[in-house]
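The values are calculated or read from the model by the stated rules, or taken from the named source; none is laboratory data. The structure displayed is predicted, hence computed values, not measured ones. Here the Cβ positions follow ideal geometry from the backbone for every residue, glycine too, while neighbour counts run over all protein chains shown.
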Amino acid sequence: MNGDDRSMVPSHEEALEERARALRADALARLERSRPRAARPPRPSSLAGLRLRTLFLPAFAIACMAHFGGGERRALPVVSASFTPGAGASFAGARTFEADADAPGDERVPVHPGDVIGVAAGAEAASRLDLAGRTVRIDPGARALIASLFPPRVRLVRGGIVVSGDLVVDSAHGIVDLAGGSARITLESIGLAVTLVEGSGRLVGPDGAVELVPGRTTAIR
């Protein structure tokens, strides 16, 4: 073997370096294969879901149009409130009714959330509030605020009222949540008293809620 042939044979150091590079590449490949890969949904499945949504959404829209747009339209329930003055001075919102005027009988005055209604202390009879199908009888000397029509809610400012139907009555001392029936509610400076005539409900105060019992008076002092 001549000198040129010896120069083409790799030396011992070069062989070791080549072996080291091969070992490093193999180790890196094994490490890469051992790492967990983020789960990705298979492409055919994603395309299938896209096709399903493409078919389902137009069909759903057509069904909604057929259900709500076709045929006779259903009328939405009208929620309103009205005040019927009794014999004596009273007021509802901006309107007042004089004590010496004849009682309007069945005439109902429209009222709205935010209106304060009341009856003079010397009135001969109570006035009536019809609130979204519920009835609130306002005693002479009482004041109440219409808080909401839906859900029906009033705020008792002072005096006594008799409520019928499911509604909520707020006050400075507690909340009366009447689920049905009727109850007399009286607000005084020393507290709130509720007498459940019939039905069910609860009185919610600072110490929690108390279930109302027909024929029994429950008070918060």
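Numerical summary
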quantity: Qualifying residues in segment 121-171 (those that are of a type in the set (S, T, N, Q) and within 22 Å of the chain's Cα centre (by Cα)) - the one surrounded by the fewest Cβ atoms within 10 Å (Cβ to Cβ); calculated: 148
quantity: Search result, residues across segment 182-203 that are buried (at least 16 other Cβ atoms within 10 Å of the Cβ) and among the β-branched types (Val, Ile, Thr); calculated: 185, 186, 194, 195
quantity: Single unsatisfied condition, residue 168 versus (1) within 23 Å of residue 81 (Cα to Cα); (2) of a type in the set (A, V, I, L, M); (3) modelled with pLDDT under 95; calculated: (3)
quantity: Strands (runs of 3 or more DSSP E) within segment 101-206 that include 1 or more residues touching a helix residue (DSSP H, G or I) at 6+ places or on another chain (Cβ under 9 Å) and more than 22 Å from residue 220 (Cα to Cα); calculated: none
quantity: Any chance residue 217 is of a type outside the set (Gly, Ala, Ser), without any contact (Cβ under 8 Å) to a residue 24 or more places away in the chain and touching a Ser or Thr at 6+ places or on another chain (Cβ under 9 Å); calculated: no
quantity: Residue tally, condition at pLDDT below 95 and either under 28 Å from the mean Cα position of the chain (by Cα) or not hydroxyl-bearing (Ser, Thr, Tyr) (or both), over segment 188-202; calculated: 3
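Residues checked against (1) at pLDDT 95 or above; (2) touching a strand residue (DSSP E or B) at 6+ places or on another chain (Cβ under 6 Å); (3) closer than 23 Å to residue 189 by Cβ:
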residue: 68; (1), (2), (3): no, no, no
residue: 74; (1), (2), (3): no, no, no
residue: 86; (1), (2), (3): no, yes, no
residue: 110; (1), (2), (3): no, yes, no
residue: 115; (1), (2), (3): yes, yes, no
residue: 133; (1), (2), (3): no, no, no
